[in-house]
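A short write-up of the structure that comes next.
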Amino acid sequence: MHGLAFDIAHLLAGGLVLVSFMLLYQDRLYALLNVYAFHAVVLSLSVGWQAYIQDAPHLYITALIALVFKAIVIPVVLHRMIVQLGIHREIETVTSIGPVMLVGIGLVGLSMAVMLRVTTDASLIAREDLAFALSVLLLGLLIMVTRRNAVGQVVGFMSLENGLVLAATGAKGMPLVVEISVAFSVLIAFIVIGIFLFRIRERFDTVDIRALDRFRGDRR
Amino acid sequence: MSGILNGVTLVLAIPAAAAALLGVLPGYRLSARLNMLASLLTFLAALSLFVAHPTVNAYFLIDDLNIVFIVLNTFVGFTTSVFSASYIGHELETGRLTPAYLRFYHAMYQVMMFGMNLALIANNIGLMWVAIELATLATVVMVGIYRTHEALEAAWKYFILASVGIAFALFGTILVYMAAQPAVGEGLQAMTWTVLVARVAGFDPALLNVAFVFLFLGYGTKVGLAPLHAWLPDAHAEGPTPISAVLSGLLLNVALYAILRFKMLMTANPLAIAPGPLMVTAGLISVLFAAFMLYRRRDIKRLFAYSSIEHMGIIVFAFGMGGPLANFAGLLQMTMHSLTKSAIFFTVGHVAQVKGTQRISEISGLTESHPMLGWSLVLGVIAIAGLPPLGIFMSEFLIVSSTFAREPLLAVALVLGLLVAFGALMLRVQGFAFGEPTGSTQPVRASYVPIFAHLALVLAAGLYLPPLLVAWFQHVAQMLG
């Protein structure tokens, strides 16, 4: 791998991890969505760069999906939804930012320790990508567990999914990447439509998922 | 059987075409019948796989293992569609569902069947993942179809947990590809299961180990293994009962099938960790956890959902122990559990409709008010609790005795779980079946044929297993290693 090509891939994949950290401490919904859009842009650049250096034109489609669908359509739709639902207040996180960031750092350390050790045979760039991808995935999970708001959880899930796309494109020559990214986009569209169609607010007067807990069947 | 129209394409094409058709056709009677017809045709197409083995290609694979799953899947799919026709008719009368929702429901039913069949037939681990995701999405929508508070919560929880599970499974799939790539080369070959299993000995074991952990966690969430089971009772309790029947009887099996495929991959690589202990531990935890949780249920569908967790635990335990006998018993247990549990849900569906409640405390005296339903439920619970002479007794006996021969301590723990669960089920069924009848005593227009067909099969299997079936299962048990 040439120096510059590798450096740029490294920069973009590492950038994705950093933006995941930014997602972790956003406490306003609009800001969260904006940072998520940025996350998707970085992903799309990273996938595009992989398409270029691997000479794999089909990956440009994945990059385009990431750019159009995840960086523009989904944030705009969610933005409008938040306005319509009237929930543009602050979102509370379950714990305070400091400990969450520390846990996040721990998770990144964990994924580096796991992935770099088991991928000694793979090419350097694939190793880095996988390690970063696992970090993004775990950080996405952390975002999901620290949010009580349905929109916040969805953003966490979407950032987690970006990590998977990064891993799939980093695995050189992997087939079905485009199909998988389309399948994931369908999944996300479903979730977003789900929030709206199910009208969580209309039913519960809030999108705070703590309200959902009240309806646990065994406590009726 | 040659050319395009072979069993494989039919098993996929019929549900796909039916889904498209049902999506546009109005009228509940017509669509319910069409749903039944399509499910029957799919089942017949699946049976044709026994006689004509279509050739394996990069996308589709038919071997002795997945034929068992496909036939079971399409059979229960068919009987559930028969049950669904009468169940949904009642829901329409009581106004819980509107005709527009029903059209959607029938289309989604076929989409789900398509997804599950595709997952079972797929020879490509990426395709299998996409198919399981599709089947999951279809069931999520159906779980939430009543749009009550509880249904929405159940659907949302199922959605989020299943999505995270699916994400883990995909990461595991990517890692398997990474492990295969140096040995097999880039491209489609490195995701084709038959190629992978033939050349897995040359893969990097460390990467394979990590991959299996992710796959086990991911697909294990969908199997409903404790502590990843949280979605399962809610989804079973709040969705329409036909969906509870297919969730327990089929979708859990499909996820289990994915785990078995990857287990075969792991055992074929001499340096990778043995997946057995991981599966045995997860299975045992699920059995013990679910057995104790059975006592605290207040909702009849939740009760049987926890019983599904227990049984999936037993099955995963059996496959984790491995060896010809335990694998054989695991396969038998899986088949019997699918048949029995869906029969129980058929009965429970009618009971809940006629009594107008799912609360355990409000259902009693069924054998007096509705003798047919009451006794079917008693028979079903006796079967699921593992009493002789029904099929589950035989498979559980085989699992316990083969475990005693190898790991007596594990067998003791397993038997403890089985006994605790047995006690809970017996306690509850007494309340349901006997005593003063509560609620409505109106006669019910139930469809008994699917219930009795399932229970008769379970009874027959307990009394006599045809040698052909035994030979088939033994061969599959050998394959599983």
In degrees, nearest ten, helix B:276-293 long axis to first principal axis of chain B (Cα): 10 degrees
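Charges at C-beta only: +1 for Lys and Arg, -1 for Asp and Glu. How large is the resulting dipole of chain B about its Cα centre, in Debye rounded to 20? Mind showing how you got there, number by number?
On the way: 21 positive and 18 negative charges, 89 e Å.
So the dipole magnitude of chain B works out to roughly 420 debye.
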Computed helical MRE - 222 nm, the protein assembly as shown, DSSP H runs ≥ 4 contributing -39500 (n - 2.57), nearest 500: -26000 deg cm²/dmol
Shielding score for A:165-172, defined as the mean number of other chain Cβ atoms within 10 Å: 4
Inter-chain Cβ neighbour average for residues B:203-213, partner chain, 10 Å: 3
Volume per residue that the Cα convex hull of the stretch B:77-176 spans, once the total is divided by residue count, Å³: 86 Å³
Calculated over the stretch B:274-481: convex hull of Cα atoms, volume per residue (Å³): 101 Å³
Mean Cβ count within 10 Å, highest first, over the residues of peptides B:76-87, B:42-53, B:306-317: B:306-317, B:76-87, B:42-53
Packing-based order for B:340-346, B:458-464, B:218-224, B:319-325, using average beta carbon neighbours within 10 Å, highest first: B:340-346, B:218-224, B:319-325, B:458-464
Cubic angstrom per residue, convex hull over Cα atoms of the protein assembly as shown: 146 Å³
Helix axis angle, B:205-223 relative to chain B longest principal axis, alpha carbon, degrees: 10 degrees
Two-decimal log10 I(q)/I(0) for chain B, as the Debye equation yields it once each C-alpha is a single scatterer, q = 0.09, 0.11, 0.13 Å⁻¹: -0.56, -0.85, -1.21
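Let me make sure I get this right: for the stretch A:76-189, a, b and c are the square roots of the gyration tensor eigenvalues over alpha carbons, sorted descending. Under 1.5 in a/c it's rounded, otherwise prolate if a/b > b/c, else oblate. Which is it? Before the final figure, lay out each step's value.
Values: a/c = 4.04, a/b = 1.42, b/c = 2.84.
Oblate is the answer for the stretch A:76-189, as a/c is 1.5 or above yet b/c matches or exceeds a/b.
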Burial ranking of peptide ranges A:57-70, B:255-268 (average Cβ count within 10 Å, highest at the top): B:255-268, A:57-70
Number of partner chain Cβ atoms within 10 Å, mean per residue of B:144-151: 3
Degrees between helix B:64-93 axis and first principal axis of chain B (Cα, 0 to 90, nearest 10): 30 degrees
Under the Debye formula (equal points on every Cα, no solvent term), log10 I(q)/I(0) of the stretch A:10-156 at q = 0.08, 0.14, 0.15, 0.17 Å⁻¹: -0.24, -0.71, -0.80, -0.98
Value of relative contact order over the stretch A:1-119, rounded to a whole percent, pairs C-alpha under 8 Å and six or more apart: 29 percent
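A short reminder: the numbers here are calculations on the coordinates, not readings from a lab. Nothing here was measured: the structure is a model prediction, and the numbers come from that model. Using ideal geometry, Cβ is built from the backbone for each residue, glycine included, and neighbour counts are taken over all protein chains shown.
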